[in-house]
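Asks: Following this message is one structure expressed as structure tokens.
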Amino acid sequence: MQFIDLKKQYASIENRMNERIQQVLDHQKFIMGPEVFELEERLADYVGVKHCISCANGTDALIMPLMAYGIGEGDAIFVPAFTFFATAECVSVVGATPVFVDVEEDSFNLDPIKLEQAIEKVVKENKLSPKGIIPVDLFGLSADYESINKIAKKDDLFVLEDAAQSFGGTYRKAKNCSHVDVAATSFFPAKPLGCYGDGGAIFTDNDELAEILQSIRVHGKGDHKYENVRIGLNSRLDTLQAAVLLSKMDIFNEELRARQWVASEYNERLKDFFDVPHLPTDEQCAWAQYTLKSSSSEERDFLMEELGKHGIPTMIYYPKAIHLQEAYTELGYQLGDFPVSEKLSQVVFSLPMHPYLSRDEIERICEALIASKNNL
Ligand SMILES: *Cc1c(COP(=O)(O)O)cnc(C)c1O
């Protein structure tokens, strides 16, 4: 059994995928070929925003908007303490300071009340100037944008959605990547919409921002390729990856529905034994991961080991809260600063989640998990 089964996915789209790739091999426009622009148009349309700017990976998709906003030393950007490292790393890469905020235990996402407190604290201390917020749609579930946008407006902060795990999902019936000033997603192979290497994209309705982002992704180019008007990056999406993504877009909505079905099957079987994840019924969660909470880290070790004996792969996203990572030692955070994030890192574990899981596999996983829990 695979944790994420990309081979089964490929088998279901082999012909159209091979055709798309062959077209690129035929025209040989490997950098910014026609597939890149076709994909950008298709994704902007899908999300319902004016601009999609594709780029080399999801981390660059977070860095580039910060560069475009001129974020740097002395600026504070608020990020959740429980997320993938890149959410905070992008802030440090541009020279600004990530200010961590605890998450909600049920949604795994940024806690708006604690966000307000964190902003107040930074304002009071008067050392850093608050500039923006990067909420994450962790495991595919949208953050609380209504509350976050209100707070951002009040304090004049921009909001950059980290939708690396939530592309295709919705919030208040609108697709993720359309709720805030600017959004970033990732096409890393294991994400809900993944390519066959690294890839990412930025979404915005802001014309001016879009133009700056297009310049940044090609070394800060001006009107001409060899005229440079700002410091940028080399961060283009490969034409081959755009071709891969275009063929996967054909089945993406079907896949999202299948993920929703897998999650509801899991919830139904596990709800009497575990604190199962929130299953939005009138919204689409992108279900990048299906994550459960054990009652202790010892129980987690035991359950994961037992599942392993049955050939069932599990993963821990994430075993260490970001404020406790060695890379951020100098920021001076301590154990106890963000109790929810710290607790989650001790107890969460994720089950296999992909659109090609069968009812039999789901049954096997749940039976093994429940039997192990009863053996404790
Ligand atoms: C994967 C991920 C990223 C980074 O994406 P890459 O394409 O791997 O650079 C950023 N944030 C979150 C929450 C992610 O899961």
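The values are calculated or read from the model by the stated rules, or taken from the named source; none is laboratory data. Treat the numbers as computed from the prediction; the structure is a model and nothing was measured. Neighbour counts run over all protein chains shown; Cβ positions are idealised from the backbone, glycine included. All accessible areas refer to the heavy atoms of the entire protein, side chains included, with ligands and DNA or RNA removed. Shrake-Rupley method; radii C 1.70, N 1.55, O 1.52, S 1.80 Å.
Asks: For residues that are assigned to a strand (DSSP E or B) and of a type in the set (A, V, I, L, M, F, W, C), scanning just segment 150-170, find the one that is nearest to the ligand (Cβ to nearest atom).
Replies: Ranking the qualifying residues of segment 150-170, first place goes to LEU160.
Asks: Counting just the residues of segment 173-202 that are within 11 Å of the ligand (Cβ to nearest atom), part of a loop (DSSP other than H, G, I, E, B) and open to solvent by less than 10 Å² (accessible area, probe 1.4 Å), which one comes out farthest from SER147 (Cα to Cα)?
Replies: Just the residues of segment 173-202 that are within 11 Å of the ligand (Cβ to nearest atom), to begin with: 184-192, 194-195, 197-201.
With the extra rule that they be part of a loop (DSSP other than H, G, I, E, B), the set shrinks to 187-192, 194-195, 197-199.
Next cut, open to solvent by less than 10 Å² (accessible area, probe 1.4 Å) only: 187, 192, 194-195, 199.
Working: PHE187: 28, PRO192: 26, GLY194: 30, CYS195: 33, GLY199: 30 Å.
Checking each candidate, the answer is CYS195.
Asks: Scan segment 79-99 residue by residue and report those that are open to solvent by less than 20 Å² (accessible area, probe 1.4 Å) and within 15 Å of the ligand (Cβ to nearest atom).
Replies: VAL79, PRO80, ALA81, PHE82, THR83, ALA86, THR87, ALA88, CYS90, VAL91, PRO98
Asks: Here are the criteria: (1) more than 25 Å from PRO319 (Cα to Cα); (2) within 16 Å of the ligand (Cβ to nearest atom); (3) hydrophobic (A, V, I, L, M, F, W, C); (4) outside any helix (DSSP H, G or I). Tell me which single one ILE231 does not satisfy.
Replies: The number of the failed condition is (2).
Asks: Could you please find all residues in segment 125-142 being in a loop (DSSP other than H, G, I, E, B), in contact with an Asp or Glu (Cβ under 8 Å, 6 or more places away or on another chain) and more than 17 Å from SER186 (Cα to Cα)?
Replies: First pass over segment 125-142, keeping only residues in a loop (DSSP other than H, G, I, E, B): 126-128, 134-135, 137, 141-142.
With in contact with an Asp or Glu (Cβ under 8 Å, 6 or more places away or on another chain) added as a condition, the list becomes 128, 134-135, 137, 142.
Residue satisfying the conditions is LEU128 alone.
Asks: Which residue out of GLU211, GLU255 is open to solvent by 30 Å² or more (accessible area, probe 1.4 Å), part of a helix (DSSP H, G or I) and away from the ligand (no atom under 14 Å from the Cβ)?
Replies: Testing whether each residue is open to solvent by 30 Å² or more (accessible area, probe 1.4 Å), part of a helix (DSSP H, G or I) and away from the ligand (no atom under 14 Å from the Cβ) leaves just GLU211.
Asks: Continuing with the same structure: Anything in segment 153-173 that is touching a Phe, Trp or Tyr at 6+ places or on another chain (Cβ under 9 Å) and either closer than 25 Å to MET249 by Cβ or without any contact (Cβ under 8 Å) to a residue 24 or more places away in the chain (or both)? List them, or say none.
Replies: LEU160, GLU161, ASP162, ALA163, ALA164, GLN165, SER166, PHE167, GLY168, GLY169, TYR171, ARG172
Asks: Going through TYR333, TYR356 one at a time, which residue ends up being touching an Asp or Glu at 6+ places or on another chain (Cβ under 8 Å) and open to solvent by 50 Å² or more (accessible area, probe 1.4 Å)?
Replies: Answer to the check: TYR356.
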